[in-house]
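What follows is a set of notes on a single structure, which appears directly below.
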Amino acid sequence: MRGIAVMLSKIRIAQKLAAILLATTAAAACADSNHYEDRTEYRAPKANVAPIIDGVADEAIWQQAQWHDLKQRWLGPEYTKEDFEGRFKVAWTEDKLYILTEFTDDILIDTHRDPLVQYWDDDCLEIFLDEDFSGGDHQFNHNAFAYHMSLDNQAIDIGTDEQARNYSHHVESRWKQHGNKVIWELAIDIYTDAYVDDSDDNQPITLSAGKVMGLMVAYCDNDGSELRENFIGSELVAEGPKDRGWIDAGLFGSLVLVE
Ligand SMILES: [Ca+2]
Ligand SMILES: [Ca+2]
Ligand SMILES: [Ca+2]
Ligand SMILES: [Ca+2]
């Protein structure tokens, strides 16, 4: 009898261990419950020499970095390659994140001259950044930033006061036409969610290899309409409003900083 009791006890322990193991495996499978399925992993190589922000991609680091496509149609009808076609690369130094975007857009337009008015309805390059890859809501907080880059190189996002604000001091931006293509270079200071609007104490963080951030890139294409004609991004939005990247950081892909 005693032998059977010991055996039963051993079986119970084994069952418990199996249950713990299963729970651990399940947790690992959905370790990132703050992001949607099928996110892209972007990889950024480290630049030994910081790229010059001039709309010319002749730096060695841009040869090393890989292209990522802008081809997820979030808003608007089907479009041709002549209407819009775009892709981008990412690199980093300890001080900044660098983004190179190359695109074709048949008509470049900036109708709303005030950078804080309907900035998403002009041609506009959007850079979504979540410093700690936390995901979650970022509409009226700095859990993540959504820099709307206008054709005059200004960076606009919504502040904690729920108003559009100019964050151009976070982003150095220059673009240049090369044939039918635009080459657009950006150097971006990275701030945490502790960023306080109008404070003098905000310090951009120092970046290091192995860091994982949230990233998504998109382009608002307008060729003369009152509202933007297309909104095209780098991440799949499977359900719900497809243009909600400015609210939901769970849509962002992961960006891994590598040596
Ligand atoms: Ca350059
Ligand atoms: Ca176009
Ligand atoms: Ca965050
Ligand atoms: Ca356009």
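Within segment 148-206, the set of residues being hydroxyl-bearing (Ser, Thr, Tyr) and free of Cβ contacts under 8 Å to residues at least 12 places away in the same chain comprises just one member, 199.
If you take just the strands (runs of 3 or more DSSP E) that sit entirely in segment 203-259, which of them hold at least 2 residues that are open to solvent by 10 Å² or more (accessible area, probe 1.4 Å) and under 17 Å from residue 97 (Cα atoms)?
Details: elements: 212-221, 230-233, 253-258.
Qualifying strands (runs of 3 or more DSSP E): 253-258.
Of the residues making up segment 59-68, at least one is within 16 Å of residue 185 (Cα to Cα) and touching a Gly at 6+ places or on another chain (Cβ under 9 Å). A count restricted to segment 22-69 and to residues that are at pLDDT below 95, assigned to a loop (DSSP other than H, G, I, E, B) and open to solvent by 90 Å² or more (accessible area, probe 1.4 Å) stands at 1. If the condition is being within 16 Å of ligand 4 (Cβ to nearest atom) and free of Cβ contacts under 8 Å to residues at least 24 places away in the same chain, then segment 79-110 contributes 80, 81, 85.
Surrounded by fewer than 19 Cβ atoms within 10 Å (Cβ to Cβ) and within 16 Å of ligand 2 (Cβ to nearest atom): is that true of residue 160 in this structure? Criteria not met by residue 160.
Taking residue 234 as the residue in question, decide whether it is at pLDDT 95 or above, small (Gly, Ala, Ser) and closer than 17 Å to residue 124 by Cα. So residue 234 passes the test.
The values are calculated or read from the model by the stated rules, or taken from the named source; none is laboratory data. Please read all numbers here as calculations on a predicted model, not as lab measurements. For neighbour counting, all protein chains shown are included, and Cβ atoms are generated from backbone atoms with ideal geometry for every residue, glycine included. We work out accessible area using only protein heavy atoms, side chains counted, and drop any ligands, DNA or RNA first. Shrake-Rupley method; radii C 1.70, N 1.55, O 1.52, S 1.80 Å.
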